[in-house]
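Readers should treat all values here as calculations from the given coordinates under stated rules, not as data from a laboratory. Note that the structure is a prediction, hence the values are computed from the model and not measured. Cβ atoms come from the backbone with ideal geometry, glycine included; neighbour counts cover every protein chain shown.
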């Protein structure tokens with residue numbers, strides 16, 4: 001069994017839900033949620049708590065880890081991604097797609113599922 005984790009939301013303990021009530025009769029209090037499994041990146045019990053954390057610490061975190069000051073870009077030769085169009089029944093078309101070049105290259109479902117194939121196969 002994994003160790004219990006506490007929600008990192010700075011206001012988690014202030015939300016009035018029954019699962020946050022702890023303590024003996026007469027001395028009840030609301031506490032931060034404790035779980036063996038946390039959702040939302042493994043640190044938060046809910047989207048509300050995750051959003052609370054980002055509102056409080058987001059700017060500091062972005063400044064600490066590197067705020068960008070100029071746009072990043074992807075050039076056309078690196079803009080390939082896998083896509084598919086679903087057709088019913090059994091008529092799904094898989095492809096590599098590049099919106100910058102306006103190109104689609106058909107691939108098999110096996111090539112689509114291959115995590116190591118990240119650009120169109122050369123012919």
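Restricting to segment 105-116, name every residue that is surrounded by 13 or more Cβ atoms within 10 Å (Cβ to Cβ) and free of Cβ contacts under 8 Å to residues at least 12 places away in the same chain.
Within segment 105-116, 114 is the sole residue that qualifies.
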Filtered residues of segment 35-52 (kept if in a loop (DSSP other than H, G, I, E, B) and surrounded by 17 or more Cβ atoms within 10 Å (Cβ to Cβ)): 38, 45, 46
Residue under evaluation residue 73, criteria (1) part of a loop (DSSP other than H, G, I, E, B); (2) in contact with a helix residue (DSSP H, G or I) (Cβ under 8 Å, 6 or more places away or on another chain), criterion not met: (2)
Residue match in segment 64-87 (condition: free of Cβ contacts under 8 Å to residues at least 60 places away in the same chain, farther than 30 Å from residue 120 by Cα, in contact with a strand residue (DSSP E or B) (Cβ under 8 Å, 6 or more places away or on another chain) and surrounded by 15 or more Cβ atoms within 10 Å (Cβ to Cβ)): no
